[in-house]
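In what follows, a single structure is set out as structure tokens and then discussed.
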Amino acid sequence: DKAVRGTGFAHAGVASCALMNATAAHRFQRYVDGINHYLDVDYARPPEFMFLGTLLVFHEPEPFTRNDVCVMAKLIQWQITRSIAHESRRWELFSQLGMTREEVLALDPVIDTPEDAIFNNSFYGYDAADTARRNAAEARDDAIERELYATVMGRFRESQPATNGASTSRRQSDDSTSAAQDSTAKKKTKKEPSGLEKLASIIHIGEDFPGYADGSNAWAMRSASGTVVVASDPHLATQLPAFWFPFYVTIRGTSFGYGGTSVPGIPGVMIGRNSDVAWGITISYTDLGDLYVMEPDPARPATHYLHNGAPRAYTFRREVIEVSGADDVVLTIKHSHYGPDIASAWELSDRHTICASARVLDVEASTYHAFANIVEPGLVTSVAALRENVFRLVQSPGLSIAIGDRHGGVGYAVTGQHKQRALGHTGRMPTYGNGSFDYVADIPWSSVPGFANTDTANPYAISAANQRISAPGDPVILTRDFLTAFRGNAIKEVINAAPPGQWSSVALSLGIQTNETSGAWRYKLRDVLDSTSNTFGATFNANLNAAGQAMLARIRAWDQVSRRGSHEATMLWMFLADLTTVAPRVLARLERTMIGTDSFAVSIITTPSAETDALCSAATAGSGFGGRTCAHWAAKVWNDVAARNTKAWGTEASRQELRHLLLHESVVECMFSRAVDRGGDPTAIAAKFFANDGDRSELVANGGPSMRFVMDWATPDFYRFALPGGASGNPFSEYYTNLASAWADGDYRVVRVTGYSDKKRQYLKP
């Protein structure tokens, strides 16, 4: 609650709601009216409502309002804005564990190459000289930030006095207004939190939503025939009730309709189609937020900060959290010109003021207008129209979007109002808030990668999987954080292996979405570990015992598919998971069973550094491999895994959990959560992500494709989808998980646009 209030989602959402134009306001209100009408006429409530309020009394939700929709939209935007979460985690490691900047960044390595990007130089006409200029700019910024952390930021870590006022404790202040705002609140006898407050209370703001999982896939492909297929499978927690719901709406009195999938509380459609165009989304990982560590004014440190050498006053926002049967919790939140101070609310620091500058926290209605425009008849009829009238308006989050229309057009867009950073500001770590590293300018939409291709006589394909977007020579730097291109390269490989005449084949897209080939061994590990021609591989192989050598031979002969029943997949991922225990104090700080398994663990092998070798040396101390390199550590872990009796992948080990969103880890969890057998792994196109809790030896999965969507414009009367859930929120209903097994098996259902009867409808009822 403190994190949500301190960050200011409600403040930003309500203020943004007031700026909506009449059309958007009307559409949002009609959506709200529909929800409230349903609550009025259907008195059935989901069983979990019994556990949300007074014991044995069903919680009765408050009427939904337009402001609730706007705040909910801000929460969803935050969920898929990764940059500030990454910066906060890195600052915690730097400031509280005493790690150097280089040690911190070694835990989040960039292990792919510019050639793995969605766009290459030839697409935009860049050349080797452009690439050299960009590389020089990135190296320059990195050098400046490295020096900043060795000097100024190190001073903050070591000596700055406590100045943060965003706390429930009462501190002395020379500002009477601040003191008055932090006054003692009256005691309440009972206050029932709203539904949105309850939702917000389960959000890990400093890290991510419980629905966090890395990655998504999307593509649009056109064959020479001019027909187009669009596919999308966003990766989130596999939860119950399912995060998404499928639907289609036809506007009364017209032939125009829209549908696909959306989430409760958000009007319109997030992934899907209208009568003319379809789209699939992934997280772009482009940087739309930063943290600034403030320099206090020595004369008035609690109320003023130094900016460009002059004192500047904070403003203060008061938040009261009413608690049932206890005193109110009163927060006084500082705001600088960057944004709110989140240091105490996120438990990043009680000694520093750290302000968040994020587009999602800005007051703006443009993003809401984009939602309204999607459902406007006649406005979005092509790839170009969708780019211009919808995605150009989205200020946050950063999305990487594949688009295809019924006319044969194919395109791509990146959303978000990006900023040009100052010299020496990489965006990977929090920076100095004294004015030296303020944003330079907005990056115009025309400078962000994107296109609309209408050459329907020729085949074309565009895919996105959270990898690097920009071409190596692109002078515009949107981010330095992105996911390793395991899935991105695999999707391109499968597409390019198929004849272009089959690119719009539905069977091809369904096969890609359900492809369980593991990318870790295929693209990165095999060339190092299964070789003695490199230093790491030679040392690794020389230190394998007989069991380890046998396991290597078995992995070598493996077809690299992480299917259900595979023991080789279990061996490989137990090895990679155990490899990350090289950083035990980091794991303890982050409260995770593993960190960045598909990047950090792989980087230990493919791009060892002085920082990772130091970790490996400490991890092997006291063993026969003690005091040596990560190649020795990898051999030790490999031998240890080889000595175990591994379980079958996806059935005994790494089953896919479907956890109830609200009641997971409650005493009634067994009634509401489920599990299914499923293959895949973190580096497969059909991804699977491991839970951060539980027995690490089981590699329990709780993330993956939260939905699969496929739209074939050759058959516009329906679209295909798969869902890890069901059509009911009642765990005693036969429909609670009636779609989950089909999803795990790679099967699909259809949502018809025309020609359906009541018997074919899926009812989303409690």
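Here are the numbers for the structure shown:
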quantity: Charge tally in the Cβ shell below 9 Å around R564, where Lys, Arg are +1 and Asp, Glu are -1, R564 excluded; calculated: 0
quantity: The chain shape via C-alpha gyration tensor axes, a/c threshold 1.5; calculated: rounded
quantity: Alpha-carbon centroids, region 462-534 and region 678-750: separation in whole Å; calculated: 21
quantity: log₁₀ of I(q)/I(0) at q = 0.15, 0.29, 0.32 Å⁻¹ - region 528-573, Debye sum with one point per alpha carbon; calculated: -0.41, -1.05, -1.13
quantity: Estimated inter-spin distance, N545 and A618, nm [label 7 Å along Cα→Cβ]; calculated: 2.7
quantity: Cα Rg, Dmax, region 372-413, angstrom units; calculated: 10.2, 29
quantity: Cross-link pairs K419/K524; K334/K419; K74/K524; K74/K419 - those with Cα-Cα distance over 29 Å; calculated: K419/K524; K74/K524
quantity: Projected label distance in nm at C670 and D142, using a 7 Å step from Cα toward the beta-carbon; calculated: 5.3
quantity: R0 of 51 Å, Cβ-Cβ distance D559-A313: FRET efficiency to nearest 0.05; calculated: 0.20
quantity: Cut-off 19 Å (backbone N to label point 7 Å along Cα→Cβ of A128), residues of region 460-501; calculated: 471-475
quantity: Shape call, region 373-495: gyration tensor on alpha carbons, a/c limit 1.5; calculated: oblate
quantity: Prolate/oblate/rounded label for region 297-337 (Cα gyration tensor, a/c 1.5); calculated: prolate
quantity: Mean Cα-pair separation over length for the chain, i.e. relative contact order, pairs under 8 Å, 6 or more apart, %; calculated: 18
quantity: Percent breakdown of C-alpha pair distances by 10 Å bin, ordered from the shortest bin, for region 635-697; calculated: 18, 40, 31, 10, 1
quantity: Using distinct alpha-carbon pairs, which all enter the 1/r mean, Kirkwood radius of region 1-91 in Å; calculated: 15.6
quantity: Residues F316, F732 arranged by fewest to most Cβ contacts within 10 Å; calculated: F732, F316
quantity: Solitary cysteines of the chain, where the nearest other Cys Cβ is not under 4.7 Å; calculated: C355, C670
quantity: Neighbourhood charge, 14 Å Cβ-Cβ cut-off, centred on D438 and excluding it, Lys, Arg +1 and Asp, Glu -1; calculated: 0
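We did not get these values from a lab; they are worked out from the coordinates using the rules stated. If you're wondering where the values come from, they're calculated on a predicted model, not measured in any experiment. As a convention, Cβ positions derive from the backbone with ideal geometry for all residues, glycine included, and neighbour counts pool all protein chains shown.
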